[in-house]
Amino acid sequence: MVKKVTNEQWLSEVEEEILDPSIAICDAHHHLWWREDSKYMLDDLLLDTNSGHRIVSTIFVECNSMYQANVDTSIAPVGETEFVQGIAAISASNTFGPTRVAKGIVSFADLTLGERVRTVLEAHQQAGANRFRGIRHASGWHASPEIRNSHTNPVESIMSQDKFLAGMSVLNDMGLTFDAWCYHHQISEFVKLARTFPGVTMILDHFGGPLGIGPYEGRLKEVFLEWKDNIQELIDCKNVYIKLGGLNMKLNGHGWHKRSLPPTSDELVGATAPYYEECINLFGADRCMFESNFPVDKESCSYAILWNAFKKITSRNSKIERQKLFHDTAVKVYRLID
């Protein structure tokens, strides 16, 4: 029997009253999968989104799920778009409640295909109909064997390679978005990419991946200062938006998953608020959006606790700023259709 992603019993040990339940939320980043060792499907996601916060819509981001079989590897990722498009159609029927799951779809296409990636992107457009918005080519790479590279098996400095840039030119021609997933020491490379393609709307996932394991273990304060210097390079890249979330993965080094009890929202705020505050101050609410990164972050905390933490972090922001951070910026950037 395929098990769920995390220990629900462990997560249920910490419960809180839902803060500001009327705030409309577009969860800008989550996954769906059915794997040999775990699953996170529509029913699992809805258990989380129905836990008290007002989740009106979500954006699915690729995770190497449900690829087509018996086809060329370059076109296989279109199967993931077909899979999620079906989930989105089920959600849109209103049979399972008002949340519009996967109202936007971010798929995978290998940009190192260069001009040949156009065929793959066109197939995604056909499969995703009115929901496909762009792609993510995860580029997280580190020389340390203690740090797992992204699931796309990138090489070092992939975002600077000529064939990757050729693929990005196609993305630019087609008016599609680009989600970047890299580690904090790679942010400068991403900055160069953003400056090279100012016409491509780019979204930096998970703050640019501040690491806290391997050679960075026990150096959370140092990593923050290094990240802070790097992230400021993006201020003038007006085509870049920041996803606020994804800081509770094992690779971030907080060790929540090792505890006898999961963290409270106050503990999450205490450990991670400087990242959120820095980005909101630097880029403003017009260029930032909250994300759950579930079920990956679910290895550390529950959905209800996570969004409570986000609401506490923004308790001093204006109503309009919060509306943008929790909903409007994601809707604008991914051009979600009512």
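The C-beta contact set for the stretch 185-196 (first residue on the phi > 0 side of the Ramachandran plot, second residue of a type in the set (Val, Ile, Thr) and modelled with pLDDT of 95 or more, distance under 9 angstrom, 6+ apart or interchain) is empty. Hey, could you check the stretch 169-190 for residues that are surrounded by fewer than 22 Cβ atoms within 10 Å (Cβ to Cβ) and among the hydrophobic types (A, V, I, L, M, F, W, C) and say which is nearest to residue 62 (Cα to Cα)? Of everything passing the filter in the stretch 169-190, 176 is nearest to residue 62 (Cα to Cα). Any idea which of (1) surrounded by fewer than 23 Cβ atoms within 10 Å (Cβ to Cβ); (2) touching a residue at least 12 places away in the same chain (Cβ under 8 Å); (3) within 30 Å of residue 9 (Cβ to Cβ); (4) touching a helix residue (DSSP H, G or I) at 6+ places or on another chain (Cβ under 9 Å) is the one residue 248 doesn't satisfy? Just one mismatch for residue 248, condition (1). Every test in (1) assigned to a helix (DSSP H, G or I); (2) crowded, with 18+ Cβ neighbours inside 10 Å is passed by residue 60 save one, and that test is (1).
Out of 69, 28, which single residue is buried (at least 16 other Cβ atoms within 10 Å of the Cβ) and at negative phi? It would help to see each step written out before you state the result.
Details: 69 fails: buried (at least 16 other Cβ atoms within 10 Å of the Cβ).
Unique residue meeting the criteria: 28.
Residues in the stretch 6-24: is at least one farther than 19 Å from residue 245 by Cα, surrounded by fewer than 22 Cβ atoms within 10 Å (Cβ to Cβ) and within 18 Å of the chain's Cα centre (by Cα)? Within the stretch 6-24 (the criterion being farther than 19 Å from residue 245 by Cα, surrounded by fewer than 22 Cβ atoms within 10 Å (Cβ to Cβ) and within 18 Å of the chain's Cα centre (by Cα)), the answer is no, since none of the residues qualifies.
Candidates in the stretch 142-168 are the residues that are of a type in the set (A, V, I, L, M) and crowded, with 16+ Cβ neighbours inside 10 Å; of these, the one that is nearest to residue 213 (Cα to Cα) is 147. The set of residues in the stretch 197-226 that are closer than 23 Å to residue 133 by Cα, crowded, with 19+ Cβ neighbours inside 10 Å and free of Cβ contacts under 8 Å to residues at least 60 places away in the same chain comprises 200, 202, 204, 208. Scanning the stretch 1-37 for residues that are in contact with a Phe, Trp or Tyr (Cβ under 9 Å, 6 or more places away or on another chain), farther than 19 Å from residue 266 by Cα, at pLDDT 95 or above and part of a loop (DSSP other than H, G, I, E, B) yields 23, 31, 32.
Going residue by residue through the stretch 113-132, is there one that turns out to be surrounded by 20 or more Cβ atoms within 10 Å (Cβ to Cβ) and not in a helix (DSSP H, G or I)? Yes.
Within this structure, residue 292 passes the test of being in contact with a His (Cβ under 7 Å, 6 or more places away or on another chain) and either polar (S, T, N, Q) or more than 20 Å from residue 62 (Cα to Cα) (or both).
The values are calculated or read from the model by the stated rules, or taken from the named source; none is laboratory data. This is a predicted model, so every value here is computed, not measured. Backbone-built Cβ (ideal geometry, glycine too); neighbour counts: all protein chains shown.
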